[in-house]
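Chemist: I have a structure here, written as structure tokens, and I will follow up with some questions on it.
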Amino acid sequence: MGTNSSNGEHQTTTKPPPMPSPLRNSKFFQSNMRILVTGGAGFIGSHLVDKLMENEKNEVIVADNYFTGSKDNLKKWIGHPRFELIRHDVTEPLLIEVDQIYHLACPASPIFYKYNPVKTIKTNVIGTLNMLGLAKRVGARILLTSTSEVYGDPLVHPQPETYWGNVNPIGVRSCYDEGKRVAETLMFDYHRQHGIEIRIARIFNTYGPRMNIDDGRVVSNFIAQALRGEPLTVQKPGTQTRSFCYVSDMVDGLIRLMEGENTGPINIGNPGEFTMIELAENVKELINPAVEIKMVENTPDDPRQRKPDITKAKELLGWEPKVKLRDGLPLMEEDFRLRLGVAKKK
Ligand SMILES: NC(=O)c1ccc[n+]([C@@H]2O[C@H](COP(=O)([O-])OP(=O)(O)OC[C@H]3O[C@@H](n4cnc5c(N)ncnc54)[C@H](O)[C@@H]3O)[C@@H](O)[C@H]2O)c1
Ligand SMILES: O=c1ccn([C@@H]2O[C@H](COP(=O)(O)OP(=O)(O)O[C@H]3OC[C@@H](O)[C@H](O)[C@H]3O)[C@@H](O)[C@H]2O)c(=O)[nH]1
């Protein structure tokens, strides 16, 4: 418990980063920036790919095992000359030539990360080791999408990056939250020992179009339930809080972090905080006032409160979220209506 004021001060290295590809300093030909996005067929990853592909100087390579992601999320890029999609599991080494790595590969919804916890922790630990090995070999900068779950069930509120967290090391969520904590450790060890250029984003709950309909996370559950006319399942006690960030804001924050000069960790999230009952009431009012709200059993170790302190993101990245929950929910509703085939009432 408590905070550590030295966190962030002794974590950088003076060791020079490994040499990038000679093409980066080529005199006659400025080659495109080659960017690897692991987990790029998933929810946040595919939106990140869309944004990176807007820049004609970027070549994007996605590596994904399609556990929770799908090619459908990337269909507009398949066949594009600056885009490449590889079916690859990050627990295996990957030998390619890239300049930047956005390392997102990892199931994020609790029902999916708990489904095969041993695989989840391997993905976080061995997967991150493999991507750091790749970054070291080719001199690439690497960004890890860590999570607000590294704060566990936080005893400090809102959570600044200096907070060390309150995490159960042997619980059903540990494969994910401890896994991400080890992934952060590996990032800093490679940075200090080998001079790798690292960036760590601590992402808070993010929502938006393209989340799997049956993803199991709260916003996608409530929207799908409201559209199907089913009760909104609020897990008890319903007073637990989360802070929800719209995906376009998240992607903007991740790119700023990658392009900026700070290693992080930096919280990226929307500080607007809601109880799960308030979230259900908002979804009900905006999408289907006829649905009931039903209280159901919760799962072990559910964090009771979560809200990012984004002072660092504001100061160091000039970033803050723009989309409020009540503006973001209708954008997600539209996408879910299309995919579920539920027309809007006139
Ligand atoms: N969405 C959020 O609220 C949130 C919050 C905190 C952190 N994050 C982090 O952001 C990243 C993306 O999350 P998301 O919400 O887009 O989840 P997602 O489940 O939609 O995407 C994860 C992607 O990683 C792929 N993947 C999983 N294991 C893999 C493996 N071993 N090898 C290769 N690919 C693999 C999946 O198939 C999927 O495409 C994750 O690292 C997650 O931990 C997300
Ligand atoms: O149908 C539901 C689903 C969930 N919930 C509640 O909603 C809250 C949020 O649950 P979610 O499953 O959406 O996500 P969590 O906040 O528990 O974890 C998420 O946090 C950050 C990321 O790393 C991951 O995307 C995910 O682990 C919890 O309190 C949960 O009990 C409901 O009330 N009803």
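Chemist: Looking only at GluC sites (Glu not before Pro) in DSSP loops with at most 10 other Cβ atoms within 10 Å, what is the longest site-free stretch of the chain? Mind dumping the intermediate values first?
Modeler: Details: sites that count: 9, 54, 56, 261, 297.
The longest uninterrupted stretch comes out as 57-260.
Chemist: Roughly speaking, to the nearest percent, how much of the range 125-176's 1.4 Å accessible area is carbon and sulfur? Could the numbers behind the result be given before it?
Modeler: Details: 1030 of 1630 Å².
Heavy-atom surface of the range 125-176 belonging to carbon and sulfur, 1.4 Å probe: 63 percent.
Chemist: Among the chymotrypsin sites (Phe, Trp or Tyr not before Pro) in the range 230-282, which ones are in a DSSP loop with at most 12 other Cβ atoms within 10 Å of the Cβ? Mind listing them? Don't skip to the end; give the middle numbers.
Modeler: On the way: sites: 244, 246, 274; in loops: 244.
Here no loop site has a sparse enough neighbourhood.
Chemist: Tell me, in nm to one decimal, what length is gained between residue 137 and residue 275 on full extension, where the rule is 0.36 nm per residue of separation less the Cα-Cα distance? Walk me through the intermediate numbers first.
Modeler: Details: separation 138, 0.36 × 138 = 49.68 nm, distance 4.54 nm.
Residue separation times 0.36 nm, minus the Cα-Cα distance, leaves 45.1 nm.
Chemist: If you don't mind, there's one more thing I want to ask. Extending each Cα 7 Å along its Cβ direction at residue 170 and residue 302, get the distance between those two points in nm, one decimal.
Modeler: Result for the modelled spin labels: 2.4 nm.
Chemist: Rolling a 1.4 angstrom probe over the protein heavy atoms, how many square angstrom per residue are accessible across the chain? Please report the intermediate quantities before stating the final value.
Modeler: On the way: 15800 Å² over 346 residues.
Solvent-accessible surface per residue comes out at 46 Å².
Chemist: Could you name the lysines in cross-link range of residue 345, using Cα to Cα under 29 Å and dropping any fewer than eight places away on the same chain?
Modeler: 284, 294, 322, 324
Chemist: Give a residue-ordered list of calculated ³J(HN,Hα) values for the range 72-81 (Karplus: 6.51 cos²θ - 1.76 cosθ + 1.60, θ = phi - 60°; whole Hz; x for Gly, Pro).
Modeler: Rounded to whole hertz, the list is 4, 5, 10, 4, 6, 9, 5, x, 6, x.
Chemist: Can I ask one more? Would you mind telling me the share, in percent, of accessible area of the range 10-121 contributed by carbon and sulfur at probe 1.4 angstrom?
Modeler: Working: 3410 of 6020 Å².
Percent of accessible area from carbon and sulfur atoms in the range 10-121: 57.
Chemist: Taking the chain as a Gaussian network, Cα atoms linked when under 10 Å apart, which of 316, 23, 227 shows the biggest mean-square fluctuation?
Modeler: Highest fluctuation of the listed residues: 23.
Chemist: Turning to a different aspect of this structure: Tell me, what % of the accessible area of the range 199-340 is carbon and sulfur with a 1.4 angstrom probe?
Modeler: On the way: 2830 of 5850 Å².
Here carbon and sulfur together make up 48 percent of the probe-accessible area.
Chemist: Do the sum for the chain: with -39,500 (n - 2.57) for every DSSP H run of n ≥ 4, divided by all residues, what is the mean residue ellipticity at 222 nm, to the nearest 500 deg cm²/dmol? Don't jump to the answer; show the numbers that get you there.
Modeler: On the way: 9 runs with 117 residues, N = 346.
Helices in the chain give a 222 nm mean residue ellipticity of -10500 deg cm²/dmol.
Chemist: Continuing with this model, one more query. Where a ≥ b ≥ c are the square roots of the eigenvalues of the C-alpha gyration tensor, would you call the range 92-168 rounded, which needs a/c under 1.5, or, failing that, prolate if a/b is larger than b/c, or oblate? Write out the running numbers ahead of the final one.
Modeler: Numbers: a/c = 2.94, a/b = 1.56, b/c = 1.88.
It is oblate, given that a/c is not under 1.5 and a/b is not larger than b/c.
Chemist: Towards the positive end of the charge dipole of the range 265-346, with charges on Cβ (+1 Lys, Arg; -1 Asp, Glu), say which of 310, 275, 289 has the farthest Cα.
Modeler: Positive-most Cα among the choices belongs to 289.
Chemist: If you don't mind, there's one more thing I want to ask. Compute log10 of I(q)/I(0) for the chain with the Debye formula, placing one identical point scatterer on every Cα and leaving out solvent, at q = 0.14, 0.16 Å⁻¹, to two decimals.
Modeler: Log10 of I(q)/I(0), two decimals: -1.17, -1.52.
The values are calculated or read from the model by the stated rules, or taken from the named source; none is laboratory data. None of the values given here were measured: they were computed from a predicted structure. Counting neighbours? That spans all protein chains shown, and the Cβs are built from the backbone with ideal geometry, glycine included. Just the protein is used for accessible areas: all its heavy atoms, side chains included, with ligands, DNA and RNA removed. Shrake-Rupley method; radii C 1.70, N 1.55, O 1.52, S 1.80 Å.
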